[in-house]
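Written below as structure tokens is the structure these notes are about.
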Amino acid sequence: MNFPRVSIIILNFNGIKDTIGCLKSLKKCVYPNFEIILVDNGSKNNEGAKLKKLEGGNLRVFVNRKNLGFAGGNNFAIKKIMREGKSKYIYFLNNDTEVEPDFLSHAVIRAETSENIGIVGSLSLQYTNRDFIENAGHDFLNCGDYVPRGRNRPREDFQKSCEVMGACSAGALYRVEALRECGLYDELFFLNYEDVDLSMRCILYGWKCIFEPKSVIYHKLSVSVEKVRDYAINVQGHYNLLRAYFYNTPALVILLNLPFILIRDLAVIFGTLLTGRFWIFRVFIHARMRFLFNLHDIMRERANRMKHKKVSSFYLLRHQKNFLRKYIPYFITFVVKGQRHHYEPR
């Protein structure tokens with residue numbers, strides 16, 4: 001392998017302690033040809049200036065005056081990388097992660113096996129319990145949802161590389177050529193499911209998304225999101241999930257999945273009302289009202305994307321999973337056992 005150049009993008013938002021820990025772990029990275037672009041996304045307490053002092057070597061630091069969201073902050077860096085034209089790959093890495101020294105080597109090696117591979121997702125393990133998975137890519141469910149693949153399962157259960165229906169941008173390698181063809185993060189998403197949207201857009205346009213278990217990171221999970229999570233953020237998340245699905249899913253797939261979508265929606269509505277989870281009910285309904293209000297714009301964007309569709313509906317149908325197998329454990333956890341959902345206020 002000729003060790004193509006990789007640009008690693010990290011965003012910081014009021015998380016300098018985690019960011020410094022991530023940078024320390026990257027110092028052990030054995031891949032010989034990479035740079036780090038660190039973007040401070042409008043943090044408080046002068047964090048941007050403090051991080052700027054770390055600049056040097058293969059680390060470049062940029063400071064935004066305001067929070068551009070996960071989508072906008074990453075796009076800021078991607079555009080710089082594309083203008084410079086030096087990197088073949090971009091690796092998106094959350095600041096609340098640490099990495100194995102060979103994480104990047106294995107991701108690049110896997111990507112180099114085929115020019116049709118646009119995305120390589122790493123195995124993201126739980127930071128505090130490293131024998132268990134945080135995610136091993138995304139599962140695409142027949143009810144229109146995307147969920148973390150393998151979450152809370154032992155890492156030994158997911159040790160085969162395979163095609164997946166998306167990669168979590170806490171740790172994922174993208175081919176720059178794929179981003180040039182498919183576009184960058186949709187900044188209207190701002191935060192939550194922007195990685196689902198980008199992954200599915202690349203898949204829709206004919207690029208392969210591959211899970212590589214030898215590329216290992218450790219993720220603290222949603223450290224930055226929890227700092228800003230409120231009712232509006234939760235509604236935005238649900239709304240983004242709906243948009244990601246309808247933007248990138250062919251009509252035949254939507255039609256065949258419609259019964260499962262309706263069953264899931266009715267189960268959530270009646271389940272939350274009967275168990276008194278009114279916060280979740282409000283978020284769920286509000287997101288769908290916003291979706292209907294913006295349906296004209298959503299359908300226009302969907303039409304633009306479908307012009308570039310290269311993957312067949314049957315490919316997506318073959319790779320989607322039955323939602324019942326995923327959601328029965330959720331029902332037991334949040335309804336039967338009464339555990340608080342992360343959408344509910346503390």
> Taking the condition surrounded by fewer than 16 Cβ atoms within 10 Å (Cβ to Cβ) and in contact with a helix residue (DSSP H, G or I) (Cβ under 9 Å, 6 or more places away or on another chain), does Asp297 pass?
Replying inline: no
> Looking at segment 179-213, which of its residues are of a type in the set (Gly, Ala, Ser) and either in contact with a Leu (Cβ under 9 Å, 6 or more places away or on another chain) or surrounded by 24 or more Cβ atoms within 10 Å (Cβ to Cβ) (or both)?
Replying inline: Gly183, Ser199
> Within segment 113-161, how many residues turn out to be touching a Pro at 6+ places or on another chain (Cβ under 9 Å), part of a strand (DSSP E or B) and not aliphatic (A, V, I, L, M)?
Replying inline: 7
> Within the bounds of segment 223-244, is there any residue that is touching a Gly at 6+ places or on another chain (Cβ under 7 Å), at pLDDT below 90, surrounded by 15 or more Cβ atoms within 10 Å (Cβ to Cβ) and over 16 Å from Cys143 (Cβ atoms)?
Replying inline: yes
>> modelled with pLDDT of 90 or more, assigned by TED's automatic domain parsing to the domain that holds Ser43 and under 14 Å from the mean Cα position of the chain (by Cα): is that true of Val216 in this structure?
In response: no
> What are the residues in segment 295-324 that are free of Cβ contacts under 8 Å to residues at least 12 places away in the same chain, more than 23 Å from Leu262 (Cα to Cα), assigned to a helix (DSSP H, G or I) and not polar (S, T, N, Q), if any?
Replying inline: Arg300, Ala303
>> Exactly one condition in (1) modelled with pLDDT of 95 or more; (2) out of contact with any helix residue (DSSP H, G or I) (no Cβ under 9 Å at 6 or more places or on another chain) is false for Arg151; which is it?
In response: (1)
>> It is to be established whether one or more residues within segment 91-112 are without any contact (Cβ under 8 Å) to a residue 40 or more places away in the chain, in a loop (DSSP other than H, G, I, E, B) and in contact with a strand residue (DSSP E or B) (Cβ under 6 Å, 6 or more places away or on another chain).
In response: no
> Could you list, in sequence order, the residues of segment 115-139 that are among the polar types (S, T, N, Q), farther than 13 Å from Glu163 by Cα and surrounded by fewer than 18 Cβ atoms within 10 Å (Cβ to Cβ)?
Replying inline: Thr128, Asn129
> Taking segment 138-172 as the search range and keeping residues that are touching a Ser or Thr at 6+ places or on another chain (Cβ under 8 Å) and not aliphatic (A, V, I, L, M), which one is farthest from Asn94 (Cα to Cα)?
Replying inline: Gly144
>> Cβ contacts < 7 Å: first residue outside the structural domain of Leu255 (by TED's automatic domain parsing), restricted to segment 136-163; second residue of a type in the set (D, E, K, R) and in a helix (DSSP H, G or I), any location; separation 6+ or different chain. Result?
In response: Asp139/Lys326; Leu141/Lys326; Cys143/Arg264; Val147/Lys326; Gly150/Asp157; Ser161/Arg110
> Listed residues Lys50, Lys28, Lys79; which is surrounded by fewer than 23 Cβ atoms within 10 Å (Cβ to Cβ) and without any contact (Cβ under 8 Å) to a residue 60 or more places away in the chain?
Replying inline: Lys50
> Restricting the search to segment 61-74, which residues are more than 23 Å from Asn240 (Cβ to Cβ) and surrounded by 16 or more Cβ atoms within 10 Å (Cβ to Cβ)?
Replying inline: Val61, Phe62, Val63
>> I'd like to verify a number: residues in segment 63-86 that are more than 10 Å from Leu11 (Cβ to Cβ) and touching a strand residue (DSSP E or B) at 6+ places or on another chain (Cβ under 6 Å), how many?
In response: 2
> Any idea which of (1) surrounded by 17 or more Cβ atoms within 10 Å (Cβ to Cβ); (2) within 27 Å of Asp197 (Cβ to Cβ) is the one Ile16 doesn't satisfy?
Replying inline: (2)
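The values are calculated or read from the model by the stated rules, or taken from the named source; none is laboratory data. Model, not experiment: these values are computed from the prediction. Cβ: placed from backbone, ideal geometry, glycine included. Neighbour counts: every protein chain shown.
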